[in-house]
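Just below is one structure, and these are the notes that go with it.
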Amino acid sequence: MIRVSILGGSGYGGGELLRILLGHPAVEVSQVTSRSLAGKPVSRAHPNLRGATPLRFTDPDDLGQCDLLFAALPHGEAARRWDDLAPLAERFIDLSADFRLDDPAIHARHYGEHPRPDLLGRFAYGLAEVNRDAIRDATHVAAGGCNATVSILALAPLYEAGVVHRDRTVVDVKVGSSEGGAQPNEGSHHPIRSGVVRPYKAVGHRHTAEVEAVLSRTGDARVHLSVTAVDVVRGAAALAHVFLTEPLAEKDVWGILRSRYGAEPFVRLVAERSGAFKLPDPKLLAGTNYCDVGFELDPLSDRLVVIAAIDNLVKGSAGQAVQAMNIMMGWDERAGLAFPGLHPV
Ligand SMILES: NC(=O)c1ccc[n+]([C@@H]2O[C@H](COP(=O)([O-])OP(=O)(O)OC[C@H]3O[C@@H](n4cnc5c(N)ncnc54)[C@H](OP(=O)(O)O)[C@@H]3O)[C@@H](O)[C@H]2O)c1
């Protein structure tokens, strides 16, 4: 049994960490912080956890030592507070973008100057499917971004197999409102947000850097990412338009995906010929750590559309972080993450 704490526990990512960790067989949740709700039961922020735990929020200034610290803070906060956080735990898993990129110049291009560039390169990228060996050896992990996660899982097998034009891929991701976190803003007000199909970032999305960093391991890679906010609470769905360098039949594409993902516990290939859910849909994945992957080949061109779906708060954040913890600790990778989702919902 290890003792873990959650910094930034009143937010959506922190709440999902808490929900998952309360059901984890090898973890005891020690402290969960919130400055705004210090002293209040955690169910004040996470009503789904009523009766699940007697824990109350701790002020972040009263955070004590633990074996592993999860941070689910807004962008930039963990890096700025690093000197205070580092002595608190031997192991650290961060959900923000602060430590995902190794190159300070690339970080600066997408996020501005990093407050602690000396820390970049010290964290293992947390997406198990593309970085399992490094996570196993790491004490510090940076969980991937949700749009990056769903894009990478759609694309990695094809880039690794060398069957696509490496600079022509367009990824169109649709995301739910929980991606914006628990703090309301003008755009999240219900009369404004409800019913939207809102291009959030048609070009220049920050997660492009993570996707390209991972895909470039097998050769230069450019990805053209667009993100659109749609009227769901949870979910990220990617349509990745890749252009083939050689004609492939359906069975060839299935072969590439099966050989890459056949042994992955949290990637499911969706290969149904009919039915309402014959292609991946995040509706089925709410609360789960799965990524569903499927595809359609365009018979009239060299375009292959790979479709991937996740829950942005689970596989795209908290669940991915717990999966990384399981790997880091040498436990069953699936521990605490068995929830198969709900249908109908
Ligand atoms: N939402 C997603 O789908 C998603 C997916 C992947 C990654 N992420 C990343 O995960 C991190 C957490 O995201 P989230 O959606 O959980 O955010 P959130 O809902 O806004 O929660 C942020 C948490 O940080 C605390 N906090 C500490 N310092 C703060 C400050 N200066 N300003 C505002 N809040 C502060 C807040 O509580 P108190 O103020 O009460 O302490 C709250 O508990 C972010 O870096 C985000 O980019 C989010």
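Points worth noting:
- Local net charge near residue 177, Cβ-Cβ under 12 Å (Lys/Arg +1, Asp/Glu -1): +2
- Full extension of the segment from residue 186 to residue 1, taken as 0.36 nm per residue of separation minus the current Cα-Cα distance, would add 62.3 nm.
- Along the stretch 40-54 the Karplus relation, 6.51 cos²θ - 1.76 cosθ + 1.60 evaluated at θ = phi - 60°, assigns HN-Hα couplings of 8, x, 4, 5, 4, 8, 10, x, 5, 9, 3, x, 7, 7, x Hz to successive residues, with x for each Gly and Pro.
- Lysine pairs within the stretch 146-312, Cα separation less than 25 Å, 8 or more sequence positions apart or different chains: 5
- Residues 32, 242, 232, sorted so that the one with the fewest Cβ neighbours within 10 Å comes first: 232, 242, 32
- Cα-centre dipole for the stretch 1-105 with unit charges at Cβ (Lys and Arg positive, Asp and Glu negative), debye to 20: 620 debye
- By average C-beta atoms within 10 angstrom, highest first, the peptides 327-339, 301-313, 155-167: 301-313, 155-167, 327-339
- Approximate spin-label separation residue 62-residue 302, in nm, with each point projected 7 Å along Cα-to-Cβ: 6.3 nm
- Relative contact order of the stretch 146-312: 31 percent, from C-alpha pairs under 8 Å at least 6 residues apart in sequence.
- Taking the number of Cβ atoms within 10 Å of each Cβ as an exposure proxy, the fewest-first ranking of 243, 123 is 243, 123.
- Neighbours of residue 321, meaning other residues whose beta-carbon lies under 11 angstrom from its beta-carbon, give a summed charge of -1 when Lys and Arg score +1 and Asp and Glu score -1.
- Spin-label model, residue 165/residue 86: points 7 Å from Cα along the beta carbon direction are separated by 4.6 nm.
- Across the chain, Cα pairs under 8 Å and at least six residues apart give a relative contact order of 17 percent.
- Karplus-derived HN-Hα couplings along the stretch 244-253 (A = 6.51, B = -1.76, C = 1.60, θ = phi - 60°), whole Hz, x at Gly and Pro: 7, 8, 8, x, 10, 8, 3, 5, 5, 5
- In plain terms, the residue of 212, 129, 272, 90 with the fewest other Cβ atoms within 10 Å comes first and the most crowded comes last, giving 272, 90, 212, 129.
- Across the stretch 1-158, Cα pairs under 8 Å and at least six residues apart give a relative contact order of 18 percent.
- J(HN,Hα) series, the stretch 110-115, from Karplus relation 6.51 cos²θ - 1.76 cosθ + 1.60, nearest Hz, glycine and proline x: 9, 10, x, 4, 6, x
- Assuming charge only on the beta carbon of Lys and Arg (+1) and of Asp and Glu (-1), the dipole of the chain about its Cα centre is about 780 debye to the nearest 20.
- Each helix, a run of at least 4 DSSP H residues, gives -39500 (n - 2.57); summed and divided by the residues of the chain, these come to -7000 deg cm²/dmol at 222 nm.
- Each Cα pair of the chain feeds into the Kirkwood radius, which the Stokes-Einstein equation turns, at 20 °C and 1.002 mPa s, into a diffusion coefficient of 105 µm²/s.
Throughout, read-outs are computed from the coordinates displayed, never taken from laboratory work. Remember, predicted model here, so these are calculated numbers, not experimental data. Cβ sites come from the backbone with ideal geometry, for glycine too, and all protein chains shown count toward neighbours.
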